[in-house]
Amino acid sequence: MGKPTGFTEFTRELPAKRSVEERLKDYKEFVLPYTEQKLNQQAARCMNCGVPFCHSGCPLGNVIPEFNDAVYDGNWEEAYSILTSTNNFPEFTGRICPAPCESACVLGINQPAITIEEIEKHIIEIAFDKGFVKPRKPNVRTGKKVAVVGSGPAGLAAAAQLNYAGHSVTVFERDDAPGGLLRYGIPDFKLEKWVIDRRIAIMEEEGIIFKCNSNVGVNVSINDLLREFNAIVLAGGSTVPRDLKVPGRELNGVYYAMQFLKQQNKRVAGKDPLANAAIESNIYKEELSAKGKHVVVIGGGDTGSDCVGTSNRHGAKSVTQFELLPKPPATRTDYMPWPNYPMLLKTTSSHEEGCDRKWAVATKEFLADEKGNLKALKIVDLEWKITEDGKPANFVEVPGSERELPCELALLAMGFLHPQHEGLLNELNVEFDERGNVKATEKDYKTNISKIFTAGDMRRGQSLVVWAISEGRECARKVDEFLVETSVLERKDARLLLHH
């Protein structure tokens, strides 16, 4: 490595952020860049470890020590080349990935792990600044046509790879702009949308066609796609939210997280937040606001955290976040050995901005005022039984803990069940697995219907953006093999073996 003793000389440092007071006034990203010296020091911490577990910790198999070495030496074009050999969109993962690679970092055994995610973001942004990022056009076209349904990270990755293999790719997106959950699910303070637009512009230069406001099965004929394209990739995501079926669920004031977040993302983009509300289930038909309200976010994951940050920017009177499970530990325990991804207490930037977090709490009922609007929640504390390996097994309600909590806006952020079956999937008559996802294996990503493939959350269920990109890349290789018998696209498992 560039500096073999770097990990003994420098400790982990994250970039500075704009102050909470300042960043709550807007929806801009607030993480500041490293200084040149700090970036060099963070890259210097990467060890010359015998087996870089970070490779396998990353779903994309990113070649992390090598790009850290290039960053330390200031070889930005090399760093960019290494990073993008495995990751089509490091500008996305460098901002919103929970970095499972860092959990697998060898240095993380007894020191804070390398700041891999931040280094990744710096590589791609420096590459854009220096003009290294150029359209990756195929040398020869195969004459084959592929339709990709859905423009989230899985669909975009599949489109980019298939286009590079020489096929003509058209992406169909039912919303008014590409990006899927990246555009209308993740708040701008985590991912500003010019980042997506910049990438889409490059993909269009590469020859990829994007057709927005194109809901396949509604205003785009399924039969037309089957007739016109040699292969179809279904990458519509996992979009059916998990509900909380307790008394009072129908009250005004109880909404799904995505109904709330999508409206705000449209506002920030200068668009009508209620556009398409009549035909899209994830757009509520009235404008939602947290201003001056007691807000309760039910669900302790990243989507819940996004609701917290958005509610604070609206000017909520208070923000509380519930989690059904007990409070996780702050550090690894015996049942979370390295290099496995640990389920640890995570404090996000949104939590830093103001949030009362409650664990092991269940909502029993939504309570109404005289006008039928939400006024409070009836909640109860839970006592969990923990198994020998430290996992929560089952719970009982704590006697006498039932109480009311004032609340005028409750946001359900409890994850997603599976993709929407009604419409496209049912009309195609694709098979579903036991969880309701489109059935296909990692062996070939094929559905039960000839020439139709699937990838991302639609296939594997709700997951990470980095997994969606990996799925899109791997599915693209299988589609390429289907179309021309052999593929020029790289195999992830072969790359990992090479570098190990």
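The values are calculated or read from the model by the stated rules, or taken from the named source; none is laboratory data. What you are looking at is a predicted structure, and each value in this text was computed from that prediction instead of being measured. As a convention, Cβ positions derive from the backbone with ideal geometry for all residues, glycine included, and neighbour counts pool all protein chains shown.
Report the residue count in the range 295-313 for those that are in contact with a Gly (Cβ under 6 Å, 6 or more places away or on another chain) and surrounded by fewer than 24 Cβ atoms within 10 Å (Cβ to Cβ). Summing the residues that are in contact with a Gly (Cβ under 6 Å, 6 or more places away or on another chain) and surrounded by fewer than 24 Cβ atoms within 10 Å (Cβ to Cβ) in the range 295-313 gives 1.
Per the listing Ser470, Ser487, the residue uniquely among the polar types (S, T, N, Q) and either assigned to a loop (DSSP other than H, G, I, E, B) or at pLDDT below 95 (or both) is Ser487. For the range 447-477, residues that are farther than 15 Å from Gly155 by Cα and either without any contact (Cβ under 8 Å) to a residue 60 or more places away in the chain or out of contact with any strand residue (DSSP E or B) (no Cβ under 9 Å at 6 or more places or on another chain) (or both) total 3.
Taken as a whole, the condition of being in contact (Cβ under 8 Å) with a residue 24 or more places away in the chain, in a loop (DSSP other than H, G, I, E, B), assigned by TED's automatic domain parsing to the domain that holds Leu226 and basic (Lys, Arg) applies to Arg435. Against the numbered list (1) crowded, with 17+ Cβ neighbours inside 10 Å; (2) in a helix (DSSP H, G or I), Ile114 comes up short only at (2). Has the range 300-323 got at least one residue that is over 30 Å from Glu173 (Cβ atoms), among the acidic types (Asp, Glu) and in contact with a Lys or Arg (Cβ under 9 Å, 6 or more places away or on another chain)? Yes: the range 300-323 contains one or more residues that are over 30 Å from Glu173 (Cβ atoms), among the acidic types (Asp, Glu) and in contact with a Lys or Arg (Cβ under 9 Å, 6 or more places away or on another chain). Would you check which residues across the range 71-92 are over 24 Å from the mean Cα position of the chain (by Cα) and either closer than 25 Å to Asp188 by Cα or without any contact (Cβ under 8 Å) to a residue 40 or more places away in the chain (or both) and list them? If the condition is that a residue be over 24 Å from the mean Cα position of the chain (by Cα) and either closer than 25 Å to Asp188 by Cα or without any contact (Cβ under 8 Å) to a residue 40 or more places away in the chain (or both), then Gly74, Asn75, Glu78 are the ones that fit. For the range 6-42, the tally of residues that are free of Cβ contacts under 8 Å to residues at least 24 places away in the same chain and either assigned to a helix (DSSP H, G or I) or not assigned by TED's automatic domain parsing to the domain that holds Glu120 (or both) stands at 5. When each of Val308, Val297 is tested for being outside the structural domain of Gly423 (by TED's automatic domain parsing), in contact (Cβ under 8 Å) with a residue 24 or more places away in the chain and closer than 16 Å to Arg242 by Cα, the lone residue that passes is Val297. Any residue in the range 415-431 that is assigned by TED's automatic domain parsing to the domain that holds Gly180, free of Cβ contacts under 8 Å to residues at least 24 places away in the same chain, at positive phi and exposed (fewer than 13 other Cβ atoms within 10 Å of the Cβ)? Within the range 415-431, one or more residues are assigned by TED's automatic domain parsing to the domain that holds Gly180, free of Cβ contacts under 8 Å to residues at least 24 places away in the same chain, at positive phi and exposed (fewer than 13 other Cβ atoms within 10 Å of the Cβ). When the range 27-66 is filtered for residues that are β-branched (Val, Ile, Thr) and closer than 14 Å to Cys101 by Cα, the ones remaining, listed by number, are Val51, Val63, Ile64. With the structure loaded, tell me whether Val140 is of a type in the set (A, V, I, L, M, F, W, C), out of contact with any strand residue (DSSP E or B) (no Cβ under 9 Å at 6 or more places or on another chain) and over 27 Å from Cys101 (Cβ atoms) or whether it fails that test. Answer is yes for this residue. Residues in the range 438-453 that are assigned to a loop (DSSP other than H, G, I, E, B) and either surrounded by 20 or more Cβ atoms within 10 Å (Cβ to Cβ) or of a type outside the set (S, T, N, Q) (or both): Lys439, Ala440, Glu442, Lys443, Asp444, Tyr445, Thr447, Ile449, Lys451. Considered as a group, the residues in the range 364-387 that are on the phi < 0 side of the Ramachandran plot and outside any strand (DSSP E or B) include one that is surrounded by the most Cβ atoms within 10 Å (Cβ to Cβ), and that residue is Asp369. Identification of helices (runs of 4 or more DSSP H) wholly contained in the range 141-214 with 2 or more residues that are without any contact (Cβ under 8 Å) to a residue 40 or more places away in the chain and on the phi < 0 side of the Ramachandran plot yields 193-205. Residues in the range 341-363 that are in contact with a strand residue (DSSP E or B) (Cβ under 6 Å, 6 or more places away or on another chain) and either surrounded by 17 or more Cβ atoms within 10 Å (Cβ to Cβ) or under 12 Å from Gly300 (Cβ atoms) (or both): how many? Residues flagged as in contact with a strand residue (DSSP E or B) (Cβ under 6 Å, 6 or more places away or on another chain) and either surrounded by 17 or more Cβ atoms within 10 Å (Cβ to Cβ) or under 12 Å from Gly300 (Cβ atoms) (or both) within the range 341-363 amount to 8.
Per the conditions (1) among the hydroxyl-bearing types (Ser, Thr, Tyr); (2) touching a residue at least 40 places away in the same chain (Cβ under 8 Å); (3) assigned to a loop (DSSP other than H, G, I, E, B), the sole criterion not satisfied by Ser350 is (3). Counting only helices (runs of 4 or more DSSP H) wholly contained in the range 45-96, the ones carrying 1 or more residues that are over 20 Å from Ile196 (Cα atoms) occupy 54-57, 64-73, 76-84.
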